[in-house]
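The values are calculated or read from the model by the stated rules, or taken from the named source; none is laboratory data. Please read all numbers here as calculations on a predicted model, not as lab measurements. FYI the Cβ positions are ideal-geometry reconstructions off the backbone, even for glycines, and counts take in every protein chain you see. Side chains are part of the model used for accessible areas, which takes the heavy atoms of the whole protein and leaves out ligands, DNA and RNA. Shrake-Rupley method; radii C 1.70, N 1.55, O 1.52, S 1.80 Å.
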Amino acid sequence: MQPQEKGNHVMKKNLLFYSAFALFLIAIFPFCHNLSRQVIALHRNKTVIVIDVGHGGSDPGKIGVNGIKEKDVNLAIALYLKDYLLAQDYTVYMTRETDCDLSDAAVSNKKRSDLNHRIQFTKEKNAACLISIHQNSYPDTIQHGAQTFYFQGRKSDEAFAKIMQDCLLNFDSTNTRQIKATDSYYILKNSSVPSILIECGFLSNPDETARLTDSNYQKELAYTIAVGTCRFLK
Ligand SMILES: [Zn+2]
């Protein structure tokens, strides 16, 4: 074989090899793609998120304009949040899914008993994080906007709060509130996992109450909280 012919022969062989390899990659791509999705899903399935639904049962939480009860708004938003997080393949538990409280029947301090059960529940589920859903209220009815609270000095909680508040500020351009450290929220203080408490808005503000009780707004807000949670856990 002449050098020129030999070169052509090698080129043809290489071309054949790379063509076959390309066909092979195209053939296995859907399988690999599905496999990687399954691996991600498997990983996320093992990641547990606990949504704490503030108040409930005999404890209505804040009473807003038109007699709106905080416990009902909390539950509505939390149920949408659960759906969004389940759709992202996380394992999700809620501290309550109906209008009830978690306190023991025969205790004098029902509020403390209720909160202790929520903290214990989160621990038992081996949660990667805890999101406590609440609504705010203030005598000055002009106050508005969602705000994320975390236990002061806890770096992981602060990081979670910051990511969440950034998402909430993106969601509502009129909101200028920043994350707030606290040492007084019992559930944040005693939780053993990265935890935040979101005051989703002010039930003392008529306009914000109208939004917070609108199912479309509740869904959008829940979606925003789901995005913040996914960003923190990724
Ligand atoms: Zn509350």
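At-a-glance table
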{"item": "Proximal lysine pairs, the range 48-233, alpha carbons under 15 Å, eight or more residues apart or interchain", "result": "9"}
{"item": "Accessible-area value, Phe149, 1.4 Å probe, nucleic acids and ligands omitted, Å²", "result": "20"}
{"item": "Stretchable slack from His117 to Ala105, in nm (0.36 nm times residue separation minus alpha-carbon distance)", "result": "3.1 nm"}
{"item": "Relative contact order of the range 48-233, defined on C-alpha pairs under 8 angstrom at six or more residues apart (%)", "result": "28"}
{"item": "Those aspartates and glutamates that a straight Cα-Cα span of less than 16 Å connects to Lys46, excepting residues fewer than 8 apart in one chain", "result": "Asp89, Glu124"}
{"item": "Surface accessible to a 1.4 Å probe, Cys100 within the full protein complex, Å²", "result": "50"}
{"item": "Rounded accessible area per residue of the range 48-233, 1.4 Å, Å²", "result": "45"}
{"item": "Efficiency of FRET between Asp207 and Glu124 - r from beta-carbon atoms, R0 35 angstrom, step 0.05", "result": "0.30"}
{"item": "Relative contact order (percent, whole number), the range 130-202, Cα cutoff 8 Å, 6+ residue spacing", "result": "55"}
